[in-house]
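Colleague: Just dropping this structure here.
The values are calculated or read from the model by the stated rules, or taken from the named source; none is laboratory data. Here the structure is a predicted model, which means the values were calculated and not measured. With ideal geometry, Cβ positions are generated from the backbone for all residues, glycine too; neighbour counts draw on all protein chains shown. Remember, those area values only see protein heavy atoms, side chains included, never the ligands or the DNA or RNA. Shrake-Rupley method; radii C 1.70, N 1.55, O 1.52, S 1.80 Å.
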Amino acid sequence: MKNHLVKIFHGFLAIAAVFLWFLPVASVAQSTNDVDPDPASRQINVAPVKVDGEIIFFIRGISSYTAQQRAEAISTRIIDAAADYDVPVDSVQIISGTDRIKIFAGPHFIMNIYQADATREGIQQAVLAEMIHHKLVITIEKYRHERSRPVLIKKIFYATGALVLLLLIMFGLLRLIRWVNRLIQSRIKSKIESMETKSFHLIQSGQLWKAFHLLFHVLRIVIIVLIIAVFFQFILSLFPWTNSIAVYTLNLFLEPVLTIFRGFVSFLPSLAFLIVIYVVTRYLLKLIKMLFTGVQTGEITLSSFKPEWAMPTFRIVRVFIIVFAVIIAYPYIPGSETSAFKGVSVFMGILLSLGSSSLIGNVIAGYSMTYRGAYKIGDWILVNGNIGVVEEQKLLVTRLRSLKNEEIVIPNSLLLNSLILNYSTKSQGQGLILHTTVGIGYETPWRQVEAMLKLAAARTVGLKKDPPPFVLQESLGDFAITYQLNVFCDNPSRMKEYYTLLHQNILDVFNENNVQIMTPAYERDPAEPKVVPPDQWNTPLTKEK
């Protein structure tokens, strides 16, 4: 017991250390907020300025002229200026005004730079103008370079080579897939068929092979589509007219992956906290189970606490600990703050509350029966006319095994409102009293009747000799006296057997002493006593004569 308590104490110290280690970090993470609510609530209307699908810079807008409209207008002006080869690249100039800075490319007006644009970037207006001027020069040079004849011819050769390489790769890939398919059929299909024989046809090889073949076919299609997509992405990115399509399709598939990755990275602190909660809860439950297991086995004794209460109490404590851990972990679960998550939670709660009234009633009844101590596993009980030994006591039902080896399943809510007769509770002490009655005429002395009944009890093997059997005279009837024989036994599971042996011995003793047991329809005394003489006790059956 001492070692058991020492293990539990050490476990609680370890869990407390983990809590103390992580508690300051968790509290700081929840209470610190260095974001000013006012700036955080303001939405800045910005949009990217793009040329050939590439972002040059971002621009802001106002409610009457959105950032998207302004960005599209500036992009169109840059493209018009870059397409005008009469405008030299060095003609891009900055013209300062009273409230704005204008940028021109030759005669082409490009954009205005306002103080609000510089304020958003956190720099001076003139510095922002110089930066945009530099990017415009590079963009115009690149626009014209990408559309020059030598560059286009070189990229056409690249595209042609890529198409040829794609055809070669697809040809080799298809041959490789066919070879792998034949290898799988020769190696794996035979193993799948042998699995059917080893599993005694529980595993159907035909269905398993179809599923595997379908998986292989889907994998083949995915690989081919990915290879084709990569090559076409490369070809589209070669030419300026299709580069925007390549950038759009790449972002279309890449953005979800990046979003998931960024979400996972941002979720790492919460994930660490959830792992800590899980580990602490798991080992705390193990320690508590160790404590209640000690109580159940008797290594730990608690006053006024029965050992059979240990495991049911542990299940209650476990539910409370798990619910408490879920409450703590709930804010750290991804999507817990979304309306959809909350709606599903409310919907599941409503379904549970509507459909679990009888379920909760049976659970409460199960615990009530446990703490009432009406019975335990192994007890023989009588409930609603059913006699059986308690084999299983669950939260919802209790299972009995009858004397006929039948399984009786009784809901705990029915047990809670029923009269339960327990044969095993007192059987190990003074003993369970078995009783039977006989009707004997007034002509037989009552002392002789009691002596014969006690003799029959003494002949019955299995009954207790101490306390001794006793006889009660229940009633003085019109034609007979009703005697009740009471005997003690300590094995309720053999009640039926004891009753049979006891009745046999009573019949033998009364026949030996020529005492008649009264029949139910008694009218007068017969000429001869209605007893079985000893020479007829072992009369063979008709077929045996």
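Colleague: Just checking, does the stretch 371-390 include any residue being at pLDDT 65 or above, farther than 18 Å from PRO492 by Cα, crowded, with 16+ Cβ neighbours inside 10 Å and not small (Gly, Ala, Ser)?
Modeller: no
Colleague: If LEU419 passes every condition in (1) loosely packed, with under 13 Cβ neighbours inside 10 Å; (2) under 15 Å from ASN491 (Cα atoms); (3) of a type outside the set (Asp, Glu) but one, which one does it miss?
Modeller: Looking at each condition in turn, LEU419 falls short on (2).
Colleague: Further question on the same structure: Restricting attention to the stretch 305-340, and to residues there that are assigned to a loop (DSSP other than H, G, I, E, B) and among the hydroxyl-bearing types (Ser, Thr, Tyr), which single residue is nearest to the chain's Cα centre (by Cα)? Step through it out loud before you land on a result.
Modeller: Taking the stretch 305-340 first, the residues assigned to a loop (DSSP other than H, G, I, E, B) are 305-306, 333-338.
Filter once more, keeping what is among the hydroxyl-bearing types (Ser, Thr, Tyr): 336, 338.
Values: SER336: 17, THR338: 22 Å.
Once the filter is applied, the top-ranked residue is SER336.
Colleague: From (1) surrounded by 16 or more Cβ atoms within 10 Å (Cβ to Cβ); (2) in contact (Cβ under 8 Å) with a residue 60 or more places away in the chain; (3) assigned to a loop (DSSP other than H, G, I, E, B), pick out the condition that doesn't hold for VAL438.
Modeller: (3)
Colleague: Pairs under 6 Å by beta carbon, first residue more than 15 Å from LEU485 (Cβ to Cβ) in the stretch 499-518, partner open to solvent by 30 Å² or more (accessible area, probe 1.4 Å), six or more apart or different chains?
Modeller: Matching pairs, first to second residue: ASN511/VAL531; ASN511/VAL532; ASN514/PRO529; ASN514/VAL531; GLN516/PRO529; GLN516/LYS530; GLN516/VAL531.
Colleague: Could you list, ordered by first residue, the pairs with Cβ atoms under 6 Å in which the first is in the stretch 412-433 and modelled with pLDDT under 75 and assigned to a loop (DSSP other than H, G, I, E, B) and the second is of a type outside the set (Val, Ile, Thr) and surrounded by 17 or more Cβ atoms within 10 Å (Cβ to Cβ), at least 6 apart or interchain?
Modeller: These pairs meet every condition: SER427/PRO492.
Colleague: Listed residues LYS464, LYS394, LYS404; which is open to solvent by 80 Å² or more (accessible area, probe 1.4 Å) and either at pLDDT 80 or above or over 25 Å from ARG315 (Cα atoms) (or both)?
Modeller: On the way: LYS464 fails: open to solvent by 80 Å² or more (accessible area, probe 1.4 Å); LYS394 fails: either at pLDDT 80 or above or over 25 Å from ARG315 (Cα atoms) (or both).
From the options LYS464, LYS394, LYS404, the qualifying one is LYS404.
Colleague: Shifting gears a bit: Search the stretch 94-134 for residues being among the acidic types (Asp, Glu) and assigned to a helix (DSSP H, G or I), and hand back the single one that is least open to solvent (accessible area, probe 1.4 Å). Steps first, answer last, please.
Modeller: As a first pass, look at the stretch 94-134 and keep what is among the acidic types (Asp, Glu): 99, 117, 121, 130.
The next check asks that each one be assigned to a helix (DSSP H, G or I); those that pass are 117, 121, 130.
On the way: ASP117: 11, GLU121: 85, GLU130: 110 Å².
By that ranking, first place goes to ASP117.
Colleague: Which of the residues spanning the stretch 135-158 are within 19 Å of ILE235 (Cβ to Cβ) and surrounded by 15 or more Cβ atoms within 10 Å (Cβ to Cβ)?
Modeller: Within the stretch 135-158, GLU146, ARG147, VAL151, LYS155 qualify.
Colleague: Please go through the stretch 477-486 and pick out each residue that is modelled with pLDDT of 90 or more and open to solvent by 20 Å² or more (accessible area, probe 1.4 Å).
Modeller: Across the stretch 477-486, the qualifying residues are THR482, GLN484.
Colleague: If we keep just the residues of the stretch 257-304 that are small (Gly, Ala, Ser) and part of a helix (DSSP H, G or I), which is farthest from VAL326 (Cα to Cα)?
Modeller: Across the stretch 257-304, the extreme among qualifying residues is GLY294.
This table checks each residue for (1) modelled with pLDDT under 80; (2) closer than 30 Å to PRO331 by Cα; (3) of a type in the set (D, E, K, R); (4) over 48 Å from the mean Cα position of the chain (by Cα).
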position: ALA14; (1), (2), (3), (4): yes, yes, no, no
position: ASP34; (1), (2), (3), (4): yes, yes, yes, no
position: VAL51; (1), (2), (3), (4): no, no, no, yes
position: ALA82; (1), (2), (3), (4): no, no, no, yes
